[in-house]
Amino acid sequence: MTADSTPALVKQADADTDGPAPAGPPAARGPRARNTKAYLTYVAAKIAGAVVSLFAVLVTSFFLFRLIPSDPVKQMTGGRRVSAEQLQSLRHQFGLDQPMWQQFTGYVGDALTGDFGTSFQFHAPVMDKIVEALPATLLLTGTAYVLYSALGIWLGTRTAWRNGSRSDRFNTALALTLYSVPSFWLGLLLIIVFSVGVGPIPGMFPTGGLESGNETGFAYVLDVAHHMVLPVITLVAVGYAQTLLVMRSSLLDEMGSDYLTTARAKGLRDDAVRRKHAVPNAMLPTFTLMFVNLGHVVAGQILVETVFSWPGLGGLFYQGLSVPDLPLVQGLFFVFATAVILANTLADVLYPLLDPRVGR
């Protein structure tokens, strides 16, 4: 009988192979697993950074507004003669007679639960005032955000693709001019020209506010839209200029790339090359800018809302600074900064999905 000459290690390997298959799907291996792990690590780092930034904002919001050289209690009395005992009673009522460290620990503890205290001038919870003013800000800045983002991307694409043309020079010069103009100055100019009236131009729009106060139904919608025209134009003029310049610069950087030459060599039309190849890659910096501006939608535009007496968060912040209403400005500052930080974090998290080179 012939002896089995198969090596023992080979027999053992065959026995392992013939055994029962392992339960469940095999573990992910290779470049995809490494990329997923790298992305999750990248996301975790961004979220951790956002948490640290939020805590830094919380600390900053407490100490920053206490540097204002003004006594909130005396401001609330409106210059009336008040005895020292009454002033001391008001300071005790609002906790201003406590040591600074005790005020800080109390503020941080309450803020982590969403309680920013009671407004000095409105005698109402700060969060209630924020929730009350938030819809007006979202209506104004949200409308402007959609308009100037779409307009800036469209014009930025057209001007870059026709680099050096007359329309490119005109749009670029106009964008640079508008981007350098202070928003409050532009708003005041629009009020003078189109609300008050100059020469043959009659006053066509309200000088400020959200509504006239005597309309209902569809007439109310038209009235609010009428009040929104000038502040929206102000925000769009500045916002679209910034978006146009960024989009134009990004597309100009892409236009000399080899992949566009290859696309043209394959016989693709110029519009198809721009739409399917150049613009998607050039959108990446503009994408980041759009998310940064998205955070400012909640923050609103303080100066524009103040100029047009718009009853939003920006106008509320200005009222709080005039006292100073410490709980109100602290709460609004934290909300503004939180919106910007969350928008930036969301952009960082989504960016690797558009450009796989990020986050590796």
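The values are calculated or read from the model by the stated rules, or taken from the named source; none is laboratory data. The structure presented is a predicted model; accordingly, all values stated were derived computationally and were not measured. Note that we place each Cβ from the backbone using ideal geometry, even for glycine, and neighbour counts take in every protein chain shown. With ligands, DNA and RNA removed, areas are computed over all heavy atoms of the protein, side chains included. Shrake-Rupley method; radii C 1.70, N 1.55, O 1.52, S 1.80 Å.
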Long-range neighbours under 8 Å by Cβ, at least six apart or interchain, first residue farther than 9 Å from L140 by Cβ and assigned to a helix (DSSP H, G or I) within the stretch 305-317, second among the aromatic types (F, W, Y) and open to solvent by less than 40 Å² (accessible area, probe 1.4 Å): L313/F336; F317/F336
Any hit, the stretch 243-254, residues being out of contact with any strand residue (DSSP E or B) (no Cβ under 8 Å at 6 or more places or on another chain), open to solvent by 50 Å² or more (accessible area, probe 1.4 Å) and among the hydrophobic types (A, V, I, L, M, F, W, C): yes
Filter pass, L210 being of a type outside the set (D, E, K, R), in contact with a His (Cβ under 8 Å, 6 or more places away or on another chain) and either open to solvent by less than 60 Å² (accessible area, probe 1.4 Å) or within 20 Å of L313 (Cα to Cα) (or both): yes
Qualifying positions in the stretch 282-301 - small (G, A, S) and in a helix (DSSP H, G or I): A282, G295, A299
Those residues of the stretch 256-308 which are over 30 Å from L54 (Cα atoms) and either polar (S, T, N, Q) or in contact with a Gly (Cβ under 8 Å, 6 or more places away or on another chain) (or both), in sequence order: S257, T261, T262, N281, F308
Residue count for the stretch 261-293, restricted to those that are surrounded by 18 or more Cβ atoms within 10 Å (Cβ to Cβ), more than 17 Å from the chain's Cα centre (by Cα) and not β-branched (V, I, T): 6
Given (1) within 22 Å of R274 (Cα to Cα); (2) more than 26 Å from the chain's Cα centre (by Cα), index of the condition I201 fails: (1)
Residue within the stretch 174-189 that is farther than 25 Å from V298 by Cβ, more than 26 Å from the chain's Cα centre (by Cα) and not β-branched (V, I, T) present: yes
Options Y179, Y148; residue that is aromatic (F, W, Y), at pLDDT below 90 and surrounded by 14 or more Cβ atoms within 10 Å (Cβ to Cβ): Y179
